[in-house]
Every structure is written in C-alpha cells, then in structure tokens.
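Below is one structure; the comments refer to it alone.
The values are calculated or read from the model by the stated rules, or taken from the named source; none is laboratory data. Everything numeric here is computed off the predicted structure, so don't read it as measured data. Neighbour counts are summed over all protein chains in view; Cβ atoms, including those assigned to glycine, are modelled from backbone coordinates with ideal geometry.
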C-alpha cells in the first residue's frame, strides 16, 4: 500500500477508532455523514477508490480483492505517470554507464 501512497479509512456505523489500518478516527456522527455523502445506506457496505483529487474512481458493494484493487490503481493515469517516472529515474543515464 505504501508503494501506491494509499490511505485506508474504514467508515463504520458506530464510528471508527484510530488503528493500525487507519490514521483517522471518526465519530459516529462523522461516519454517518461520510456514508450519507457517498450514498451508503445505514448498515450498508461499500468500498470506494477515491483519487487524490477527491473524485471517486471506483465503487463496489462487496469487498475487493487486493490484486484487483492494485491493478485498478495502477491503471489510473496519475499512477502510470508515477511508475514511468520511477522507472526513468532508476535507469542509469547513458553517460554514467560503464564502458
């Protein structure tokens, strides 16, 4: 997850305590507001992939397999650019190559 700069925020009906999984804690009221804003009914389940700009890139009403989620993230334009830039910076420049 760190490689993809991901933050996971579980939103539970009773609120979300800070944990190893999330750096954010939500009160019951905050969790209800987030669920309502994203159209999740009380007691419902949903997974959202929200981009850095706040746009919802994907939604599922059941858990997503990590491999599918990572594949989805890696297909996004911003992530593809990051991977391309990382690949270019890890390549030695032709001038620095041994002869």
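Given the residues 49, 26, 69, which is the only one that is closer than 15 Å to residue 7 by Cα, at pLDDT 80 or above, surrounded by 14 or more Cβ atoms within 10 Å (Cβ to Cβ) and more than 15 Å from the chain's Cα centre (by Cα)? Testing whether each residue is closer than 15 Å to residue 7 by Cα, at pLDDT 80 or above, surrounded by 14 or more Cβ atoms within 10 Å (Cβ to Cβ) and more than 15 Å from the chain's Cα centre (by Cα) leaves just 26. Taken as a whole, the structure places residue 82 among residues that are surrounded by 14 or more Cβ atoms within 10 Å (Cβ to Cβ), modelled with pLDDT under 80 and either out of contact with any strand residue (DSSP E or B) (no Cβ under 7 Å at 6 or more places or on another chain) or in a helix (DSSP H, G or I) (or both).
Could you look through the stretch 42-56, keep only residues that are in contact (Cβ under 8 Å) with a residue 24 or more places away in the chain and in contact with a strand residue (DSSP E or B) (Cβ under 6 Å, 6 or more places away or on another chain), and pick out the one that is nearest to residue 12 (Cα to Cα)?
Filtering the stretch 42-56 for residues in contact (Cβ under 8 Å) with a residue 24 or more places away in the chain gives 42-43, 49, 51-52.
From what's left, in contact with a strand residue (DSSP E or B) (Cβ under 6 Å, 6 or more places away or on another chain): 49, 51.
Details: 49: 17, 51: 21 Å.
My answer is 49.
Among the residues of the stretch 57-67, the one identified as in a helix (DSSP H, G or I) and closer than 15 Å to residue 8 by Cβ is 66.
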